[in-house]
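No value in this document is a laboratory result; all are computed from the given coordinates. Predicted, not measured: the structure shown is a model, and the values here were computed from it. For neighbour counting, all protein chains shown are included, and Cβ atoms are generated from backbone atoms with ideal geometry for every residue, glycine included.
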Amino acid sequence: MTDVFRELNALLRERRVDSCSPDASCSSPPARPCSLRSQPQVPRPPLAVPLCPSDFRGRPGRFRSVRRSCTWSIRTATTRTCRSWGRRPVVVFSPGFGVPRGLASISVAELAGRGYVVVTVDHTYEVAGVEFPGGRLEVQTLPEGSYALMARAARLADLRFVLDAVTKLAHGQNPDAEHRHLPAGLGEILDLRRVGAYGHSAGGLSSIDLLDVDRRVRAAINLDGPLGYGYDDPADAPTVAHGTDRPFLLMGSAKSGPFGPMTHRDEPSWGLFWDHSTGWKRDLNLPNGRHYSFIDHQALVPWFQRFFTVPPELIETAVGTANPAKVLFALRTYLPAFFDQHLRDRPNHALWRRALPETKIID
């Protein structure tokens, strides 16, 4: 069946004190970019709703998030289109540091195709570039000196801000900064009793941070993201020290740092978080994969090879030597299965007892 996505390209603005800014005393209107994607049971015309303020005044060095407006029309959005879908669980996705959210399209499409509303977020001034309404482009602008903890805090603030806006939408409010018309019934498909989060690299870390501090999130997946980011001793990271009583899935690569394989047995922050957590937990590893095996690089690199020579060292560094089709099959199986079990009460116990090709279960 042809994938038909519902996309809500949102630029949400609200006055607050940005604690992640170098000048935390300034009250400013940050913006959070997000897309809501889901797929109906039968093919329908694609929907997209622009929710963009006409201007945003940001300062270099601040971690704020913005997103360009979409160019599609909302004329095809109808009450029947939204409400006929029923309520659906919501999953928030955060990309890696400097990586655009669009490079997770395979996993987002898979989850949307299985009935989830997937909210993807860009972290502006961190990603290479974000286009504003009117064509203005904001590029990556990082503060001088150490910014790891600032970035970590800003990412968490981004995700909570977006969840707040989605909550308003589900309660019948219009979170658009300019209060433009939204499709009737849009908020009625959001089931905020069933919210999950996942992310890659720094986004995986952000998802676990969100699980730690926000009880709205019931379960989270970390794809190859170290949890001690910003701390000399990973034990000092609050998320690591706290652990969690809620379900999480760790999925790591063969080598993603100085400790060898990214597993709770090898990477200190994963090990401490694992030991401090009391809920459902699983650790999977791609023995032949690398850091970018978890996003669209796993499909794009082989595709590039059809047209020109890709240096072997680049392939090894990006996606390793794993069979691309088998890695993608594993991701498209394990990620939905995790959320099916913990957001929909549809467990697949047999799946977690056996490793799919190109994966290894870490006990």
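In terms of its Cα atoms, segment 273-363 spans 47, 26, 19 Å along the principal axes, sorted from long to short. Report the relative contact order of segment 166-229, percent, no decimals, based on alpha-carbon pairs under 8 angstrom and at least 6 residues apart. Rounded, it is 28 percent for segment 166-229. The length gained on full extension between residue 174 and residue 141, counted as 0.36 nm times the residue separation minus their Cα-Cα distance, comes to 8.8 nm.
Write out the trypsin sites (Lys or Arg not before Pro) in segment 97-176 meeting two conditions: DSSP loop, and at most 15 other Cβ atoms within 10 Å of their Cβ. Working shown, then result.
Working: sites: 101, 114, 136, 152, 155, 160, 168; in loops: 114, 136.
The qualifying sites are 136.
Ranked by the mean number of other Cβ atoms within 10 Å of their residues, highest first, the peptides 279-289, 221-231 come out as 221-231, 279-289.
Annotation for residue 214 and residue 105: the two label points, set 7 Å from Cα along the Cα-Cβ direction, are 2.6 nm apart. Computed over the Cα atoms of segment 157-233, the ratio of the radius of gyration to the Kirkwood radius (Rg/Rh) comes to 1.08.
Spacing of the modelled spin labels on residue 326 and residue 131, each 7 Å from Cα toward Cβ, amounts to 4.0 nm.
Residues of segment 182-221 with the amide nitrogen closer than 20 Å to a label point 7 Å from the Cα of residue 236, along Cα-to-Cβ, please. Backbone N within reach: 205-206, 209. Average projection, convex hull of the Cα set of segment 202-317: 7.7 square nanometres.
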